[in-house]
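Where a number appears in this text, it was derived from the coordinates with a stated rule and is not lab data. A quick note: this is a predicted structure, and the numbers were derived from the prediction, not measured.
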Amino acid sequence: MEENEIKILEINRPEIEKKLIKLGATKIFEGILESEAFDKNGKLLKNKKYLRLRKEGNLTKLTYKEPSTNKSKKIKSKDEYEITVSEYDTTKKILQSLGFLPWISLKKTRISYKLNNIRFEFDKYHDSWEFIPEFMEIEGPSEEIIFEYANILGFSKDECKTWGGKKVADYYQNKIK
């Protein structure tokens, strides 16, 4: 499955939530996400691939992402494969037994809304990434739809970032200096 998304930084969540609700969006999740990314000798990162184990409320999901054939420079696109697994700790032990080791652990508060086939995620990191202000992701089936909803919510294309979490962290670390 292809994942297409953008990030919008330094948002006013209550204001955007009001707009989403007025549009008919439904809140589908609010809670803590804890995740770990795994790699084996740096091979995944080197090839822009990503293996993640995440607790999302009562669910545990194992996700693999790799570069997409969609070469748009305006949105972030990855081919994503995700399954729900029954136990976080057991899945982590299996991954480690196969030689995959965690290279980063993250914890964040997420509030998710869904409208048609578009997801709106508000994320606020905890712990070592707490310095990053709350931001929003818009995820959808196409670049056109993603930008249409960004515009409806009052954001220009210039405010929409294709950045991953590390680039967001780097941006704010440089801003602090």
Using amide H atoms built 1.01 Å from N in the peptide plane, name the residues 5+ places from Trp163, or on other chains, whose amide H lies under 5 Å from its own.
-> Lys7
Taking a temperature of 37 °C and a viscosity of 0.692 mPa s, what whole-number D in µm²/s does Stokes-Einstein yield for the chain with Rh from Kirkwood over alpha carbon pairs?
-> 191 µm²/s
Once the Cα gyration tensor of the range 1-59 is diagonalised, what are the square roots of 5 times its eigenvalues, in whole Å and ordered largest first, as equivalent ellipsoid semi-axes?
-> 31, 16, 11
In whole Hz, with x marking every Gly and Pro, tabulate ³J(HN,Hα) for the range 19-34 from phi via Karplus 6.51 cos²θ - 1.76 cosθ + 1.60, θ = phi - 60°.
-> 5, 4, 5, 4, 6, x, 5, 10, 6, 10, 7, 8, x, 9, 10, 10
Working note, the range 98-177: Cα radius of gyration (Å, one decimal) and Dmax (Å, whole number) are 14.8, 46
